[in-house]
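The values are calculated or read from the model by the stated rules, or taken from the named source; none is laboratory data. Bear in mind that the values here come from a model prediction, so they are computed numbers and not experimental data. Because the Cβ atoms are built from the backbone with ideal geometry, glycine has one as well, and the counts that use them run over all protein chains shown.
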Amino acid sequence: MSQPNVLLLGPPGAGKGTQSSNIVQTYGVEHVTTGDALRSNKGMDISDLDVEYDTPGGFMDAGELVPNAVVNEIVKTALREADGYVLDGYPRNLDQAEYLDGITGLDVVAFLDVPREELVERLTGRRICDECGANYHVEFSPPEEAGVCDECGGELVQRDDDTEETVRERLSVYDENTRPVIEHYDEQGELSRIDGEGSPDEVWERLHTAIEERT
């Protein structure tokens, strides 16, 4: 199978973005994320869903959480238009997982498994240039000069949501909401657990092997 349907699961900091890019480049599939899908379909008519606004953009412009029913409809549209995909960032809860089961067939469900303390180290070490937005990591991808962007010379800063307290809270929320999703696919015998420690290339080798075995 040259263009599989892949669901990639993993906590914040597990490397889903990097590995999704590898899947896209290797198999020529679409990278579907809820954020991109929502932005691409802000004006979609959802008046039949009996929600507060007639478009997803109404919730986004008001700074409100987009309801499950709207997110589901957006994802359904994005997957229907894709000839093979890697789905990243959805489903976030069991209701969404059960909805997904009914609208598409998954060839691979891969979970990037990374120990909690490793995730904290990865996330708290991230630095972003406040001028051009370039990304660094104090240990894994440091700039040539500490605190200074290689690209533009701007100052490298830590985002508010990358402090240790915030990171641990994000991971706790992830555990509460998304662990049932992992258990759902595990109980169905569909889950491939991928050791997410090591370099991106090492993780990709494991993930690639799992995809090939499943497809």
Which strands (runs of 3 or more DSSP E) does the range 33-141 wholly contain that include 1 or more residues that are among the hydrophobic types (A, V, I, L, M, F, W, C) and modelled with pLDDT of 90 or more? 85-88, 108-113, 126-129
Please identify the pairs in which a residue from the range 124-146 that is more than 20 Å from Val167 (Cβ to Cβ) has its Cβ atom under 8 Å from the Cβ atom of a residue that is surrounded by fewer than 16 Cβ atoms within 10 Å (Cβ to Cβ) and hydroxyl-bearing (Ser, Thr, Tyr), counting only partners at least 6 apart or on another chain. none
From the set of residues in the range 147-173 that are touching a residue at least 12 places away in the same chain (Cβ under 8 Å) and under 18 Å from the mean Cα position of the chain (by Cα), which is surrounded by the most Cβ atoms within 10 Å (Cβ to Cβ)? Val167
Enumerate the pairs (first residue in the range 81-93 and closer than 16 Å to His184 by Cα; second residue anywhere and of a type in the set (Phe, Trp, Tyr) and at pLDDT 90 or above) with beta-carbon separation below 8 Å, excluding pairs fewer than 6 apart on the same chain, so at least 6 apart or on different chains. Pro91/Tyr99
The correct count of residues that are of a type in the set (Ser, Thr, Tyr) and touching a strand residue (DSSP E or B) at 6+ places or on another chain (Cβ under 9 Å) in the range 86-102 is 1
Under the condition of being in contact with a helix residue (DSSP H, G or I) (Cβ under 6 Å, 6 or more places away or on another chain) and acidic (Asp, Glu), which residue from the range 32-90 is farthest from Lys16 (Cα to Cα)? Asp54
